[in-house]
Each structure stands twice: as structure tokens, then as C-alpha cells.
Amino acid sequence: MKFPVMFYVVLTTMLLITITIAAALDMPLNWVFYLTCLGQVFVVIMVYKVLTDNYTTEKTFEDYYEDHPIGRMENYR
């Protein structure tokens, strides 16, 4: 079964947030340690999945950033 790439991103993010909350709530150190080790494995898997994803786009460097287009700017004055 193939999961979308964003699944790995969300899963890793939720795990790392859980580790942060567990450490802040003084959970036993062994739980936090094992979750941190598992989180590092998930980060490596997530990076691999994101970098090997078959993603294509029609955008070019002429489009610049979506929130601040250059060259196609209208005068709002």
C-alpha cells in the first residue's frame, strides 16, 4: 500500500510534537528517549520519501514566490 508523502510528514510532525509534550510533562526518561530514537528514524524515512517523490510542477523561476510575485505586479495606488 502506497501512502502519500504528506502522510509521512504529518506522522513525523505529530510524533515530534508528542515527544515535546511528553518531555514537558516529565514523562519517564526512558519513554522520552525511545520516542526520540523512533522520531529520528521517522525523520530519515520522511526525508527519503520527500526527496524520492515523483513531483512535477509547471512553475519556473520567473514565477518567483507565490505570495510576492515579481514582474507581474499591478500598481495598487
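Where a number appears in this text, it was derived from the coordinates with a stated rule and is not lab data. Small disclaimer: the values here were computed from a predicted structure and weren't measured. A quick note on method: Cβ atoms are made from the backbone with ideal geometry, for glycine too, and the neighbour counts reach across all protein chains shown.
Computed extension length for Asp53-Thr36: 3.6 nm, one decimal, from 0.36 nm per residue of separation with the Cα-Cα distance subtracted.
Here the spin labels are modelled as points 7 Å beyond Cα on the Cα-Cβ line, and at Ala22 and Ile45 they lie 1.5 nm apart. Around Ile45, what is the net charge, scoring Lys/Arg as +1 and Asp/Glu as -1 over all other residues with Cβ under 15 Å from its Cβ? With Lys, Arg at +1 and Asp, Glu at -1, the net is +1. Direction-averaged projected area, Cα convex hull, the stretch 4-48: 2.7 nm², rounded to one decimal.
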